[in-house]
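Heads up, the thing below is written out as structure tokens.
Throughout, read-outs are computed from the coordinates displayed, never taken from laboratory work. Computed from a predicted model, the values in this text were never measured in an experiment. Virtual Cβ from ideal backbone geometry, glycine too; neighbours counted across all protein chains shown.
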Amino acid sequence: MLSPIRPPRPSLTGPIFLFAMVDVFGLSCVGIGASWFAAGKGAILANFPTSTAEAVACTAGGAVVMVWAVGRILREIAKQAPQMQAKYDAYIAAHHPDKAIPRTSDDESRG
């Protein structure tokens, strides 16, 4: 359903939700690893990390997981581009007809 007060947004799909949860896991790893640098010991989990190597591995691994998950989220959102463009065109035509791009005969023949 097209909301009358805001432009359309991407839909939350199962894969996007899954990758968002993976991103939260990566953020947790970064927080756990970085807490060791702030407190000199495991501040979030009592017995982890116990050394600089564990803290660096946890922080770096979490950052890698976050970057991977965000890339996958963006890829899933990009799959929605045709539908989002159609919804946005309809929103602009309905709410800002003076700014709508007129369709040409080539556009109409393509869909």
#### Entry: Test: GLY40 is at positive phi and either within 15 Å of the chain's Cα centre (by Cα) or small (Gly, Ala, Ser) (or both)
yes
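Let's see how each residue does on (1) under 30 Å from ILE92 (Cβ atoms); (2) surrounded by 14 or more Cβ atoms within 10 Å (Cβ to Cβ):
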| site | (1), (2) |
| --- | --- |
| PHE17 | yes, no |
| GLY26 | no, yes |
| ILE32 | no, yes |
| THR52 | no, no |
### Task
Could you grab me the full set of residues in the range 1-19 that are in a loop (DSSP other than H, G, I, E, B) and either within 13 Å of the chain's Cα centre (by Cα) or hydroxyl-bearing (Ser, Thr, Tyr) (or both)?
SER3, ARG9, PRO10, SER11, LEU12, THR13
### Summary
Counted residues in the range 94-104 being of a type in the set (Gly, Ala, Ser), free of Cβ contacts under 8 Å to residues at least 40 places away in the same chain and exposed (fewer than 14 other Cβ atoms within 10 Å of the Cβ) come to 0
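Does ASP89 satisfy the condition of being exposed (fewer than 13 other Cβ atoms within 10 Å of the Cβ), acidic (Asp, Glu) and part of a helix (DSSP H, G or I)?
No, not satisfied.
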### Task
Report the residue count in the range 20-79 for those that are in a helix (DSSP H, G or I), without any contact (Cβ under 8 Å) to a residue 24 or more places away in the chain, small (Gly, Ala, Ser) and over 26 Å from ARG9 (Cβ atoms).
5
